[in-house]
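Shown next, in structure tokens, is the structure this report addresses.
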Amino acid sequence: RSGRVAVATHRLSGWGRTVVVDHQDGYLTVYAGLDQILVNPGAAMRQGMPLGTTGARALHFEIRFGSGPKNTLALLPVE
């Protein structure tokens, strides 16, 4: 979904290279364990735009509302 890059950092403790997108409706998405970060804080994002690349490390993806994580599988569309 569309939003703005709230955080793009190379050293988030325990998470490594991390991007957080603020969807400006209380929801945040977190992408951690990235190999490279391709965006800067404040950048406007649209669905499908690349924000980073993955490497050997597994990607951590999380949906948050406010300060708490949500059940990601329950919120993603089913195809």
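The values are calculated or read from the model by the stated rules, or taken from the named source; none is laboratory data. Bear in mind the structure is a predicted one, so any value in this text is a computation, not a measurement. Counting neighbours? That spans all protein chains shown, and the Cβs are built from the backbone with ideal geometry, glycine included. When the accessible area is computed, the model is the full protein with side chains, heavy atoms only, and any ligands, DNA or RNA have been set aside. Shrake-Rupley method; radii C 1.70, N 1.55, O 1.52, S 1.80 Å.
On a C-alpha basis, how far is the centre of segment 34-56 from the centre of segment 1-27 in Å? Whole number, if you could? One Cα centre to the other: 9 Å. Here the sum of -39500 (n - 2.57) over DSSP H runs of 4 or more residues, divided by the residues of the chain, equals -500 deg cm²/dmol at 222 nm, to the nearest 500.
For the chain, the solvent-accessible area with a 1.4 angstrom probe is 67 square angstrom per residue. Multiplying the residue separation of Lys70 and Arg4 by 0.36 nm and removing their Cα-Cα distance gives an extension gain of 21.8 nm.
Stretched out straight at 0.36 nm per residue, the stretch from Gln36 to Gln24 would grow longer than its current Cα-Cα span by 1.9 nm. Using C-alpha pairs under 8 Å with a sequence gap of at least 6, the mean separation divided by the residue count of the chain gives a relative contact order of 28 percent. Under the convention that each Lys and Arg Cβ holds +1 and each Asp and Glu Cβ holds -1, the size of the dipole of the chain around its Cα centre is about 140 debye.
Classify the chain as rounded, prolate or oblate, taking a ≥ b ≥ c as the square roots of the eigenvalues of its Cα gyration tensor: rounded when a/c is under 1.5, otherwise prolate if a/b is larger than b/c and oblate if not. Cα axes put the chain in the rounded bin.
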